[in-house]
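Quick notes on the structure that follows.
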Amino acid sequence: MTDGISAPRQAHVAEVHVVSVDVSDGDAEAARCVTLTGAAERIGVSRPRVTALVKSGTLDVRLVNGKRMVTIESVNRLLASDRKPGRPRV
């Protein structure tokens with residue numbers, strides 16, 4: 001500007017979009033769960049082992065849209081516990 005040249009015009013900087021989403025209770029519950037197969041993959045065990053963990057109460061199950069789903073919270077709780085590999089001693 002001291003040389004008599006005008007400042008360049010400012011280009012388009014940002015664009016803001018507002019998005020609103022309605023989430024049903026069923027969708028919200030489904031977002032907090034994984035399938036039994038998904039739980040098995042996350043934990044690193046077989047699907048029958050997940051079924052056994054559900055029956056023992058170690059993993060929590062919810063019925064979401066007519067399908068049994070394992071809560072992500074219970075999967076994370078199991079992963080954070082001090083588990084030892086192999087069969088449990090009787």
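The values are calculated or read from the model by the stated rules, or taken from the named source; none is laboratory data. The shown structure was predicted, so the numbers you read here are calculated from the model rather than taken from an experiment. Positions of Cβ are generated from backbone atoms using ideal geometry, with glycine treated the same way; all protein chains shown enter the neighbour counts. Surface accessibility is based on the protein's heavy atoms, side chains included, excluding ligands, DNA and RNA. Shrake-Rupley method; radii C 1.70, N 1.55, O 1.52, S 1.80 Å.
For the reader, a short list of remarks on this structure follows.
- Modelled spin-label separation between VAL16 and ARG83, with each label point placed 7 Å from Cα along the Cα-to-Cβ direction: 4.5 nm.
- P(r) histogram, all alpha-carbon pairs of the stretch 8-65 included - 5 Å bins from 0, percent: 4, 15, 17, 14, 10, 7, 6, 6, 6, 5, 4, 3, 2, 1
- Check: the chain dipole with +1 on Lys, Arg Cβ and -1 on Asp, Glu Cβ, in debye: 1060 debye
- Value of relative contact order over the chain, rounded to a whole percent, pairs C-alpha under 8 Å and six or more apart: 24 percent
- Highest mean packing comes first when the peptides 34-41, 57-64, 16-23, 77-84 are listed by Cβ atoms within 10 Å, giving 34-41, 57-64, 77-84, 16-23.
- Ordering VAL21, VAL75, THR51 by Cα displacement along the dipole of the chain toward the positive end leaves THR51 in first place; charges were set at the Cβ atoms of Lys, Arg (+1) and Asp, Glu (-1).
- Convex hull per residue volume in Å³, alpha carbons only, for the stretch 29-90: 82 Å³
- Think of a 1.4 Å ball rolled over the protein heavy atoms: the chain then has 84 Å² of accessible area per residue.
- Of the accessible area of the chain, computed with a 1.4 Å probe over protein heavy atoms only, carbon and sulfur atoms account for 52 percent.
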